[in-house]
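The values are calculated or read from the model by the stated rules, or taken from the named source; none is laboratory data. Quantities reported herein were computed from a predicted structural model and do not represent experimental measurements. Neighbour counts run over all protein chains shown; Cβ positions are idealised from the backbone, glycine included. With ligands, DNA and RNA removed, areas are computed over all heavy atoms of the protein, side chains included. Shrake-Rupley method; radii C 1.70, N 1.55, O 1.52, S 1.80 Å.
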Amino acid sequence: MYLLLTNKGERLYMPEFGANLRKYIFEPNDQPSANAIKNEVNQAIKKFIPNLNVTELTVTPSEDNIHAVVIKIDYIVTIAALQSADFVILEL
């Protein structure tokens, strides 16, 4: 979760840590923005959590708020036999 909510340059001694999702706050809630968000999340996970195998990543408009997207990540932790899913809501 911290990886997604951190902007690059925020973490001391780790300037590349983060997903830079806050830059999409004022972007349109459309498919190109959703694709860019997916790309940012995928790159951040691959770089900083390499033992996390993302099986599905979806970015969809929120049903409750037209100015928000729901980012849903289904994943498998590869260092153990765990399988889990998590999500975060990003206000656009």
Can you name every residue in the stretch 15-37 that is in contact with a Ser or Thr (Cβ under 8 Å, 6 or more places away or on another chain), over 19 Å from TYR2 (Cα atoms) and in a loop (DSSP other than H, G, I, E, B)? GLU27
Taking the stretch 6-45 and keeping residues open to solvent by 90 Å² or more (accessible area, probe 1.4 Å), closer than 17 Å to LYS72 by Cα and in contact with a helix residue (DSSP H, G or I) (Cβ under 9 Å, 6 or more places away or on another chain) leaves ARG22
Residue pairs, Cβ under 8 Å, 6 or more apart or interchain, first in the stretch 41-59 and within 15 Å of LEU82 (Cα to Cα), second acidic (Asp, Glu) and surrounded by 12 or more Cβ atoms within 10 Å (Cβ to Cβ). List them. VAL54/ASP74; THR55/ASP74
Being at pLDDT 90 or above and assigned to a loop (DSSP other than H, G, I, E, B), is that true of even one residue in the stretch 38-49? yes
Hits in the stretch 68-86 (condition: surrounded by fewer than 14 Cβ atoms within 10 Å (Cβ to Cβ) and within 14 Å of the chain's Cα centre (by Cα)): ALA85, ASP86
Check the stretch 59-67 and report whether any residue there is loosely packed, with under 15 Cβ neighbours inside 10 Å and hydroxyl-bearing (Ser, Thr, Tyr). yes
